[in-house]
Amino acid sequence: WAGALSASALALLSGLLTLSLIGYETGLVPFLAGLVIAVLPVPVYLTLVLWLDRYEAEPAWLLGVSFCWGALVAVFFAIVVNSLGVLLVQGAFGEDAGNFYGMVVSAPLVEETAKALALFALFLWKRDEFDGVLDGIIYAAMVGLGFAMTENVKYYGEAVSQQNAFGVFIVRRLFSPFAHPLFTSMTGIRL
């Protein structure tokens with residue numbers, strides 16, 4: 001139990017640090033608005049994923065672990081690594097190169113690696129829970145939904161503070177709510 005408690009404490013700490021960083025960057029009111037806007041649709045998205053898993057449901061606690069890894073640990077890892085990479089590239093090649101590196105090179109590689117680590121750890125730890133391709137997709141979708149929720153807090157908070165929330169809402173809520181679960185599911189299919 002000591003290992004599980006340590007891992008849980010580390011996950012909660014990384015989640016609190018992530019939310020603190022987002023709140024510091026956006027300000028309190030935009031952060032709270034972003035939090036509400038990001039969390040509201042999550043039960044609907046979770047219900048859709050769980051509906052896919054209705055015939056041979058995975059343990060609820062393991063699905064919760066998957067979601068929390070995406071929401072707390074993977075986002076923290078991505079923010080830290082992406083931010084450091086952008087700063088290094090900006091210092092060496094200028095602001096435009098740093099922004100390009102962050103959006104086009106670093107973000108996809110770092111985010112997908114952070115989410116995939118959860119899947120590999122789950123697979124190695126609870127291999128008996130992976131009965132087929134659908135299980136890998138379900139766990140991956142849970143990790144991706146957790147990641148997307150926390151990332152949306154940041155994007156919605158920034159949009160509220162910059163007064164362009166409607167455009168961000170359209171893109172993130174209507175056009176791409178399942179992007180992270182879809183991307184992570186490619187790893188889940190392989191498991």
With at most 15 neighbouring Cβ atoms within 10 Å, loop trypsin sites (Lys or Arg not before Pro) (DSSP) excluded, longest segment of the chain: 55-125
Simple label model, 7 Å out from Cα along Cβ direction - Gln163 to Asp128, nm: 6.0 nm
Cut-off 11 Å, label 7 Å out along Cα→Cβ of Val80, residues of the stretch 123-155 by amide N: none
Prolate/oblate/rounded call for the stretch 48-130, Cα gyration tensor, a/c under 1.5 rounded: prolate
With DNA, RNA and ligands ignored, accessible area of Met186 (1.4 Å probe; Å², nearest 10): 110 Å²
List Asp96, Asp135, ordered by accessible area with a 1.4 Å probe, largest first: Asp96, Asp135
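Taking a ≥ b ≥ c as the square roots of the Cα gyration tensor eigenvalues, with a/c under 1.5 meaning rounded and otherwise prolate when a/b beats b/c, else oblate, which class fits the stretch 31-82? Provide the component values of the computation, followed by the final result.
Working: a/c = 3.09, a/b = 1.46, b/c = 2.11.
Taking the square roots of the gyration eigenvalues as a ≥ b ≥ c, the stretch 31-82 is oblate.
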Per residue value of the accessible surface for the stretch 10-60 (all protein chains in place, 1.4 Å probe), Å²: 64 Å²
Isotropic mean projected area of the C-alpha convex hull, the stretch 1-154 (nm²): 10.2 nm²
Between 0 and 90°, nearest 10: helix 133-161 axis offset from the chain longest Cα axis: 20 degrees
Label point distance in nm, Leu5-Ala97, each placed 7 Å from Cα along Cα→Cβ: 5.0 nm
Length-normalised contact order for the stretch 77-132 - Cα pairs under 8 Å, 6+ apart - percent: 30 percent
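Classify the stretch 87-191 from the C-alpha gyration tensor, please: rounded if a/c falls under 1.5, else prolate or oblate depending on whether a/b exceeds b/c. Intermediate values should be presented prior to the final figure.
Details: a/c = 3.00, a/b = 1.56, b/c = 1.92.
Oblate shape, in that a/c is at least 1.5 and b/c is the bigger or equal ratio.
Using only DSSP helix segments of four residues or longer, with each worth -39500 (n - 2.57), what per-residue ellipticity at 222 nm results for the chain after dividing by its residue count and rounding to 500?
Values: 10 runs with 147 residues, N = 191.
Rounded to the nearest 500, the figure is -25000 deg cm²/dmol.
Once neighbouring chains are kept in place and the probe is 1.4 Å, which whole percent of the accessible area of the chain is contributed by carbon and sulfur?
The nonpolar share, carbon plus sulfur, comes to 75 percent.
Normalised by the residues of the chain, what does the relative contact order come to in percent, with Cα pairs under 8 Å and at least six apart? Show your work: numbers first, answer last.
Numbers: 235 pairs, mean separation 62.5, N = 191.
Dividing the mean separation by the residue count of the chain yields 33 percent.
What do you reckon, how do Ser176, Ser106 stack up by accessible area (1.4 Å probe), largest on top?
Numbers: Ser176 40, Ser106 5 Å².
Ranking Ser176, Ser106 by accessible area, largest first, yields Ser176, Ser106.
Which peptide among 37-44, 76-83 comes first, and what is the full order, when sorted by highest mean count of other Cβ atoms within 10 Å?
Numbers: 37-44: 14.5, 76-83: 19.0.
Sorting 37-44, 76-83 by mean packing, highest first, produces 76-83, 37-44.
The values are calculated or read from the model by the stated rules, or taken from the named source; none is laboratory data. Fair warning: this is a prediction, and the values are worked out from it, not measured in the lab. Heads up, the Cβs are rebuilt from the backbone with ideal geometry, glycines too, and the neighbour counts pull from every protein chain shown. Just so you know, the surface numbers come from the protein's heavy atoms only, side chains and all, with ligands and any DNA or RNA stripped out. Shrake-Rupley method; radii C 1.70, N 1.55, O 1.52, S 1.80 Å.
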